[in-house]
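Undergrad: Sharing a structure below in structure tokens format, with a few things to ask.
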Amino acid sequence: MIIFWHRRDLRVHDNIGLAAAREKTNKIIGVFCLDPDILGRDDIAPARVKYMLGCLKELQQKYQQLGSQLLVFHNSPHKIIPQLAKKLHCQAVYWNLDVEPYSRQRDEKIINILKAEGVEVKTFWDQLLHPPGEILSKDNQKPYTVYTPFWRNWSSRKKLPPFPTPTHLVGLDETEKQIVASLGPIPIPSEKELGFAFSAPLPLTPGETAACQRLDYFCSNLIHQYAENRNYPAIDGTSQLSAALKFGAIGIRKLWQRAEEELQNCNSEEAKNSIITWQKEIAWREFYQHCLYFFPQLAEGPYKPKFKQFPWQNREDWFQAWCEGQTGYPIVDAAMRQLNETGWMHNRCRMIVASFLTKDLLIDWRWGEKYFMQKLYDGDLAANNGGWQWSASSGMDTQPLRIFNPSSQAQKFDPHGEYIRKWLPEISHLDTQELLTGNIPPLVAQNCGYPTPIVSHQQQQREFKRLYAQMP
Ligand code: FAD
Ligand code: FO1
């Protein structure tokens, strides 16, 4: 018998570790631990937990259909995995690896316990097309710290096709079920039962079926115009697969294969360019995961030493206004309302609000990074930290300073004010130019119950540049 421990690979198709287990035996028991150390952190979004639990529900059904079980525990994996392996006399425990520091420490500890007990452990890289260590600079075999050469190397390499879905599994017999019962497996709880409240529908239905359907829809209908449409937050032009990728509801090889098929079959340059642009985003995801793996200190603070000393002003009242979408800058506020209401925010807007928090409000990007993790249903340490360090200019990015002007961003990317109107109903009747520039007469704003701008962009960006110039 092999125990297969799921963590952020909540699917049976195209799962490297699970396919490898199936090569050894058909008696495979799936396990998931609702980990109190993760769920007790103060940066866990209720929407994300809801998505994860939805994926688990479908995964449990899949195991049942295949003839086995997915056991769910609300307990630390340090306690559950070794005990389960011992009591069931398992030949091995298999799982897929992750790049996060917590994951690596957790796994090392559990590997040591299992090895001491004489249980075999096998681990695999599944969530990336190229695992850390496979993409190193050609001259000195070091990890890349710059995206473009990473992309050149990464995109030139052959990628694996999807792995087969296991069939005909055998689950626990009656005696084994009794043994397992003493460890306290539970039915999958709702997010509410775990203390997380999120009642709105999620942007994407959880689980592998919905993720595969969305991939199919995206590749059939949207990917060919992605390069242009991805810039406009009012358009449904992106894949919306970020949470599915975070929790492994979809296999990365399957996703890649589908994009490659579109690439082979398309005959316009524009469509080709769009598909490659999307593939570049997949590579950004891998780049940030490699960065976190090789430079785990990224999770702790700024990568550029210069930024460790930056005199952030950290005004609580401004931070509150930013969180609530009450800054008086319509494009910023619309984006924050989208985040608060749906658990997702369009990429263009993530860049706008991150620039605004750091460069206009002079607030430490780590406050924003944490708030995003508290709200995003696709919140992911590597991608989120990468995005925030990029926006704050504190990361590996070679460009010294990046300052977005909210008004020109809105003019370019929401030219008819559609996105702003959707998320700010209180000012949706105003003139488009007022919405884009944010120049709303104070009395009008007051009558709408909308704030006047809490800061002046011109003034604040000068102040940011002054403080930046003073840094050693
Ligand atoms: P698509 O445009 O369809 O892209 C396809 C996939 O590529 C995404 O699902 C995602 O997995 C990956 N991807 C796209 N852009 C990026 C990127 N810049 N960096 C890394 N991966 C990328 N993405 C997250 O998945 N989780 C986060 O917590 C997160 N936080 C971010 C914070 C900031 C400040 C910024 C600027 C970006 C952040 N991103 C994050 C990246 C990006 O905004 C989202 O991945 C994207 O908006 C998700 O929508 P989509 O699935 O429709 O993306
Ligand atoms: N993984 C788990 O194994 N158990 C959990 O309870 C769990 C909760 C969770 C909540 C939010 C989130 O973003 C991820 C979560 N994960 C959980 C997945 C987690 O990312 C992986 O376990 C990582 O390997 C941890 O570093």
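Undergrad: Per-residue accessible area for Trp367 at 1.4 Å probe radius, Å² rounded to 10?
TA: The value for Trp367 is about 70 Å².
Undergrad: Output the 0 to 90 degree angle, nearest 10, between the alpha-carbon long axis of helix 252-265 and the longest principal axis computed from the alpha carbons of the chain.
TA: Relative to the chain, helix 252-265 is tipped by roughly 60 degrees.
Undergrad: Using DSSP, restrict attention to beta bridges with both residues in the chain and report what percent are antiparallel, rounded to the nearest 5.
TA: 5 percent
Undergrad: A further question follows. Tell me the per residue accessible area of the chain using a 1.4 Å probe; a whole number in Å² is fine.
TA: It amounts to 42 Å² per residue over the chain.
Undergrad: Do any of Lys272/Lys304; Lys370/Lys422; Lys142/Lys308; Lys246/Lys280 go past 28 Å between their Cα atoms, and which?
TA: Result: Lys272/Lys304 exceed 28 Å.
Undergrad: Would you mind putting 282-289, 89-96 in packing order, based on average other-beta-carbon counts within 10 Å, highest first?
TA: The peptides rank, most packed first, as 282-289, 89-96.
Undergrad: Where a ≥ b ≥ c are the square roots of the eigenvalues of the C-alpha gyration tensor, would you call the stretch 197-238 rounded, which needs a/c under 1.5, or, failing that, prolate if a/b is larger than b/c, or oblate?
TA: Oblate is the answer for the stretch 197-238, as a/c is 1.5 or above yet b/c matches or exceeds a/b.
Undergrad: Label-point separation (nm) for Arg152 and Gln257, each offset 7 Å from Cα along Cα-to-Cβ?
TA: Label at Arg152, label at Gln257, 3.1 nm between them.
Undergrad: Follow-up. Each residue of the stretch 187-204 in order: what ³J(HN,Hα) in whole Hz does its phi give by Karplus 6.51 cos²θ - 1.76 cosθ + 1.60, θ = phi - 60°, with x for Gly and Pro?
TA: x, 5, x, 7, 5, 4, 4, 8, x, 10, 10, 8, 9, 5, x, 6, x, 10
Undergrad: Here's something else I'd like to know. Among 122-134, 257-269, 295-307, what's the highest-first ranking by average C-beta atoms within 10 angstrom per residue?
TA: Listed from highest to lowest mean packing, they are 122-134, 295-307, 257-269.
Undergrad: So, one more: State whether the stretch 1-126 is rounded, prolate or oblate according to the following rule on the C-alpha gyration tensor (a ≥ b ≥ c being the square roots of its eigenvalues): a/c under 1.5 gives rounded; otherwise a/b larger than b/c gives prolate, and the remaining case gives oblate.
TA: Oblate shape, in that a/c is at least 1.5 and b/c is the bigger or equal ratio.
Undergrad: Highest mean first, how do 180-186, 71-77 rank when packing is the count of other Cβ atoms within 10 Å averaged over residues?
TA: Answer by packing, highest mean first, reads 71-77, 180-186.
Undergrad: Using a 1.4 Å probe, how large is the accessible area of Tyr329, given in Å² and rounded to the nearest 10?
TA: 30 Å²
Undergrad: What ³J(HN,Hα) values, in whole Hz, does the Karplus curve 6.51 cos²θ - 1.76 cosθ + 1.60 give for the stretch 133-147 when θ = phi - 60°, with x put for Gly and Pro?
TA: Ordered by residue, 3J(HN,Hα) equals x, 8, 10, 10, 5, 6, 6, 10, 6, 10, x, 6, 10, 10, 5 Hz.
Undergrad: Could you pull the accessible area for Arg104 with a 1.4 Å probe, rounded to 10 Å²?
TA: Counting only protein heavy atoms, the figure is 90 Å².
Undergrad: Accessible area of the chain with a 1.4 Å probe: how many percent of it is carbon plus sulfur?
TA: The nonpolar share, carbon plus sulfur, comes to 50 percent.
Undergrad: Given the -39500 (n - 2.57) contribution per DSSP H run of 4+ residues, what per-residue ellipticity at 222 nm results for the chain, rounded to the nearest 500 deg cm²/dmol?
TA: One gets -15000 deg cm²/dmol as the mean residue ellipticity at 222 nm.
The values are calculated or read from the model by the stated rules, or taken from the named source; none is laboratory data. Bear in mind that the values here come from a model prediction, so they are computed numbers and not experimental data. All Cβ positions, glycine included, derive from the backbone under ideal geometry; neighbour counts span all protein chains shown. What goes into the accessible areas is simple: the full protein's heavy atoms, side chains included, and nothing from ligands, DNA or RNA. Shrake-Rupley method; radii C 1.70, N 1.55, O 1.52, S 1.80 Å.
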